Amino acid sequence: MKKLLAANWKMYKTRAEAEATARDMVRLIAPSLPADREVLVFPPFTAIEAVGLAFAGQARFGVGAQNFWPRKEGAYTGEIAPRMLADLGCAWVLVGHSERRWVLGEEDGLLAEKVAFALAEGFKVCLCIGEKIEERRAGRVEEIIDGQLAAGLSAAGDIADGALAVAYEPVWAIGTGEVAGPADILHAHAHTRTRLGTILGEKGLRTPILYGGSVKPENASEILSLDNVNGVLVGGASLTGESFSRIALA
Ligand code: 13P
């Protein structure tokens, strides 16, 4: 399966900063990107267009949105509809990132609606899942993965091939410098793979599963070589072209 090298820029970068980083990424990554890899950047809304323009002509560099509201249009002050994102050249959206679940208060029902709506609008969805530290300590990793996958996919109809990716991002490893060890990643990804197979059949076996949580140039190669790791979703270490290029080419 091909590997997805994804950058989540969270609430960082003005347009000019985003464009400069995107251009650095193309310069440093494009000439050596292995044929089975794709780069995907999730900038803040305001920088999506600038990044898309910097990626113009690069078939294996894509742009996605970190968030959206699951309606076509309407009286939703402050929100952004998927069709506005399509207009900016976005093909992907993130749903269920732990910061949206635990900082912004998005719950399973809304996340299920967002997954279904974005898929129906023709977007590719990266559904983020992962346990908190107290859930891990209580031995509930598998239960949390099962619950978040089942809930997130509960309203989605037939999912087109290639339209779904899952990112396993243990909450305790995000932005902390604390990486899940290879054994933990292997276990969580194998469990996620089995569960996706149960829910989606054959398609579940072809759904990319990304790892996220303190991925750095120093650990990317080992993580990317693990079974059932079909890419990475990178926060802090994706903010410069230099650092992200070492991950994308690891
Ligand atoms: P860090 O790579 O900064 O730990 O963030 C991971 C993440 O949240 C990606 O979505």
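Read the figures in this text as sums done on the coordinates, not as results from a lab. Since this is a predicted model, take the numbers as computed values, not measurements. Cβ atoms come from the backbone with ideal geometry, glycine included; neighbour counts cover every protein chain shown.
Structure summary
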{"item": "Linear extension gain, A150 paired with S32, 0.36 nm per residue minus alpha-carbon span", "result": "38.7 nm"}
{"item": "Inter-label distance, nm, simple model (7 Å from Cα along the C-beta direction), E143/A75", "result": "4.3 nm"}
{"item": "Amide H contacts of G212 (H built 1.01 Å from N, under 5 Å, at least 5 apart or other chain)", "result": "Y168, E169, L233"}
{"item": "Positive-end residue of L196, A237, G181, charge dipole of the stretch 145-250 with Cβ unit charges", "result": "L196"}
{"item": "Gained length - A190 relative to A91, 0.36 nm times residue gap less alpha-carbon distance", "result": "32.9 nm"}
{"item": "Total charge dipole magnitude, the chain, about the Cα centre, Cβ charges on Lys, Arg, Asp, Glu only, Debye to nearest 20", "result": "460 debye"}
{"item": "Shape category assigned to the stretch 1-141 from the gyration tensor of Cα positions, a/c cut at 1.5", "result": "oblate"}
{"item": "Between the stretch 65-117 and the stretch 209-226, the Cα center-to-center distance that results, in Å", "result": "26 Å"}
{"item": "Length-normalised contact order of the chain in % [C-alpha pairs under 8 Å, at least 6 apart]", "result": "21 percent"}
{"item": "Efficiency of FRET between D24 and D108 - r from beta-carbon atoms, R0 41 angstrom, step 0.05", "result": "0.60"}
{"item": "Label-point separation in nm, A183 to L205, each point 7 Å along Cα→Cβ", "result": "2.9 nm"}
{"item": "In nm, spacing of pseudo-spin labels at A59 and R15 (7 Å Cα→C-beta vector)", "result": "3.0 nm"}
{"item": "Mean separation of Cα contacts under 8 Å, 6 or more apart, over the residue count of the stretch 1-118: relative contact order %", "result": "23 percent"}
{"item": "Estimated FRET transfer efficiency (K2, E218; beta-carbon r; R0 25 Å; 0.05)", "result": "0.60"}
{"item": "Under Karplus coefficients 6.51, -1.76 and 1.60, residue-wise ³J(HN,Hα) of the stretch 102-119 in Hz, glycine/proline x", "result": "9, 9, 9, x, 6, 10, 3, x, 5, 5, 4, 5, 5, 4, 4, 5, 5, 5"}
{"item": "Whole-Hz ³J(HN,Hα) from phi, Karplus 6.51 cos²θ - 1.76 cosθ + 1.60, for the stretch 13-30, glycine and proline x", "result": "5, 6, 4, 5, 5, 5, 5, 5, 5, 4, 5, 4, 4, 4, 4, 8, 9, 3"}
{"item": "Relative exposure of E38, E134, judged by other C-beta atoms within 10 Å (fewest first)", "result": "E134, E38"}
{"item": "Cleavage-rule hits (chymotrypsin sites (Phe, Trp or Tyr not before Pro)) in the stretch 67-162: DSSP loop, at most 13 neighbouring Cβ within 10 angstrom", "result": "Y76"}
{"item": "Table column - 3J(HN,Hα) (Hz), the stretch 93-100, Karplus curve with 6.51, -1.76, 1.60, x for Gly and Pro", "result": "9, 8, 9, x, 4, 4, 5, 6"}
{"item": "Stokes-Einstein diffusion coefficient of the chain, Kirkwood radius over Cα pairs, 4 °C, 1.567 mPa s, in µm²/s", "result": "72 µm²/s"}
